[in-house]
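Encoded as structure tokens, the structure appears first; notes follow it.
No value in this document is a laboratory result; all are computed from the given coordinates. Please read all numbers here as calculations on a predicted model, not as lab measurements. In this analysis, Cβ positions are derived from the backbone assuming ideal geometry, glycine residues included, and neighbour counts consider all displayed protein chains.
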Amino acid sequence: MYGYIKTAAAIPLLRVADCDYNIQQMEQLLRKAATQGVQIVVFPELSVTGYTCMDLFAQQCLLDNAVRALQTLVHRTKDIETLCFAGLPLFTENKLLNTAVAFQKGVVLGIVPKTYLPNYKEFQEMRWFSSGNELQTDRAVLGGKTYPLGNNLLFASRQVSVGAELCEDLWSPIPPSSLLAVQGADIIVNLSASNELIGKNDYLKSLIKQQSARCMAGYVYASSGYGESTTDLVFAGKGFIAENGVLLGESERFPMHEKLLIHDIDIDYLRHDRMVSSSFTPVAATLARDRRPVHIPFDLSENKTTAVTRIIDPHPFVPASDTSRSERCEEIFHIQTNGLARRLAHTQVHTAVVGVSGGLDSTLALTVTAMAFDALGLPRNRIIGVTMPGFGTTGRTCQNAVGLIRALGATLREISIVEACRLHLHDIGHDGQTHDITYENAQARERTQILMDIANKENGLVVGTGDLSELALGWATYNGDHISMYNVNVGIPKTLVRFLLEWAAQHKADDAVRAILTDIADTPISPELIPAHDNDTISQKTEELIGPYELHDFFLYHLVRFGAAPAKILFLALRAFQGKYEEATIRKWLQVFIRRFFSQQFKRSCLPDGPKVGSISLSPRSDWRMPSDATVTLWLNECEA
């Protein structure tokens, strides 16, 4: 399962105060969940009796039958390995508690009482129930047997630790789940009975997402639905599953039938984020100092029906929806523009120098530079766009570079590097015909020298163009395009660059600029350092040499963002790119990525300044510190295995 735990929020049909009917419905849903490989399932609050029994909770008949019915449910499901949480009113210490009972394989594991009882407006829980904070002991008798009782119980297996809270607990300033999470709970289950009001659903959804983010946890929420009394309230039967601030799924509202919401939660990634967060662990030493967790072991079910069904995004840097993608692009441009504007203002430099090739990255850098000059109120003619045709430059890219510089109102300079590079290659004893790494890098370094010298002459600043994906692969010439005075693209992955240009074409360009940006977005990615074909088309296509950037960006995201091992990255990639790439192809490029990521760290260790944009940055001054001579053996061994 590679760290994935399959969870479910189960909302059964019920009848108020009909315990036998309710457990029949719960058993059916539990079995249905088990056949789909669910390992942890949560039912709504007081699911055995129904939440809306009101003063019937003071009736001994109801309380006795509720306990008997729960015992029956536990016994009937002794063949099921799924860890289950069911809601039960339980009398103990002369108090009635609203509890979540955890059971598995015919055995009750522990009982969690509700901590915070709502007693305002439509809620009157203090009329019937007492808080778990009022307990004097940590044991409760259920059907003649004694079980652990408390709001500090952690149900722990080797793979995952689970904590429970009930409804209003989530709405309190410091929910029990916060304490449970810092003490080790990877997943929080919430047994709830939240009635429906105008606007409440959106607020609840945001609350669940925020709590899962604060706890860096999975959060599984199940609330009462059809069958609860509608005397004064209506219950919508809501189910939510969230993971570290992201809503993985939500159930249909107001169903008149049972619902089972199933999603996989990635425990490996949650634990990674907790491990690297310097503010997570210290909370346990303060808030939870006097609260000792009680660990209750359970065996996590893993059978042939358990398989990861979660959809894996093949393009984690690029939002899927048009609206989200547009918002992301606009925000990125603001970050890039403000970063460059601040650097220009600080250095009191009113000239920027940009090498423009007619490719994606340099086009993005020039566009950002124009926006920064507009923001500072500087004339765009103080932007010097330099196009430097070399041995492999095609007419298409050259024309686009020249056309874009002019269309944006920048100052154009065309400087061929052909003769200078030929002379240089002759000087160092190169035949000028062998298309080796020296042949290519000589061109890249010549271009950088030109840009730097123009910047010196014009008292300007060289704006860098290399992107995040190139830095990860080391696909840059050291002391060539690797160097600049401020790199606006340093935090942008290659898979996002094209969308940024398309957004700029739509929102920030006139007709002339829009046409050029659109054509550049359709141009194959190439450094154009090898002579073109006879028909003046690009002969050197980057993705044919080092692999598809969509794969490399996928590898980068999971390796750096979550510290995933190669085996898990391969597992995820096979799911994400199913039907597009064969396993052998993914394995091949994954090995290339890992080799290059390790061997090219020396280039990242001396990067120029540039703004962090998303969740991943390779800046040696902030996010990514790695020895340049680290050994790659462990990672490659796992790839080969």
Exercise for the section: Using Cα positions and a limit of under 27 Å, work out the lysines in reach of residue 205, with same-chain residues fewer than 8 apart set aside. Expected result: 6, 32, 114, 121, 238, 259
Practice task
Calculate the tail of P(r) for the chain: the fraction of all Cα-Cα distances greater than 42 Å, expressed in %.
Solution key: 40
Practice task
Mind grabbing the base-10 log of I(q)/I(0) for segment 4-297 at q = 0.08, 0.10, 0.13 Å⁻¹? Debye formula, identical points on the C-alpha positions, no solvent, two decimal places.
Solution key: -0.29, -0.46, -0.81
Exercise for the section: Let me have the 222 nm mean residue ellipticity of the chain computed from DSSP H runs of 4+ only, each contributing -39500 (n - 2.57), with the sum over all residues rounded to the nearest 500. Expected result: -12000 deg cm²/dmol
Completion exercise
The ³J(HN,Hα) series, computed from each phi in segment 101-106 with the Karplus coefficients 6.51, -1.76 and 1.60 at θ = phi - 60°, rounded to the nearest Hz and given as x for glycine or proline, is 9, 9, 8, 7, 6, x
Handout entry: Within-12-Å neighbourhood charge of residue 422 [Cβ basis; K, R +1; D, E -1]
Key = -4
Problem - Segment residue 479-residue 431, extension gain: residue separation times 0.36 nm, minus the distance between their alpha carbons - result: 15.0 nm
Completion exercise
Checked against the positive end of the charge dipole of the chain (+1 on Cβ of Lys and Arg, -1 on Cβ of Asp and Glu, about the Cα centre), the farthest of 192, 563, 90 is 90
Handout entry: segment 32-49 - phi-based ³J(HN,Hα) in whole Hz, Karplus 6.51/-1.76/1.60, Gly and Pro as x
Key = 4, 5, 5, 5, 9, x, 5, 9, 9, 10, 10, 9, x, 4, 6, 5, 6, 9
Completion exercise
In whole angstrom, the spacing between the Cα centers of segment 138-153 and segment 234-287 equals 26
Exercise for the section: Give a quick list of chymotrypsin sites (Phe, Trp or Tyr not before Pro) in segment 364-451 that DSSP marks as loop, anything other than H, G, I, E or B, with at most 12 other Cβ atoms within 10 Å. Expected result: none
Problem - Set of aspartates and glutamates near residue 603 by C-alpha distance (under 19 Å), chain-local residues within fewer than 8 positions excluded - result: 361, 440, 446, 467, 470, 481, 553, 623, 629
Handout entry: Tensor-based shape of segment 67-182 (alpha-carbon gyration tensor, a/c under 1.5 rounded, otherwise prolate or oblate)
Key = oblate
Handout entry: Rounded to 10°, Cα long-axis angle of helix 566-576 versus longest principal axis of the chain
Key = 90
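Which number do you get for Rg(Cα) / (2.2 N^0.38 Å) in segment 322-640?
0.99
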Practice task
For helix 437-457, report the angle its Cα long axis makes with the longest principal axis of the Cα atoms of the chain; keep it between 0 and 90° and round to the nearest 10°.
Solution key: 80
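Which value, in Å to one decimal place, does the Kirkwood hydrodynamic radius take for segment 262-350 when every pair of different Cα atoms is included?
Radius from the Kirkwood sum: 19.0 Å.
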Practice task
Only residues of segment 614-641 count here: report those whose backbone N is under 19 Å from the spot 7 Å along Cα→Cβ of residue 279, or say none.
Solution key: 614-617, 622-624
Problem - On Cα atoms only, tilt of 395-407 relative to the major axis of the chain in degrees - result: 80
Handout entry: Sparsely packed trypsin sites (Lys or Arg not before Pro) within segment 127-224, loop by DSSP, other Cβ within 10 Å at most 15
Key = 158
Handout entry: Order of 607, 142 - criterion: other Cβ atoms within 10 Å of each residue's Cβ, fewest first
Key = 142, 607
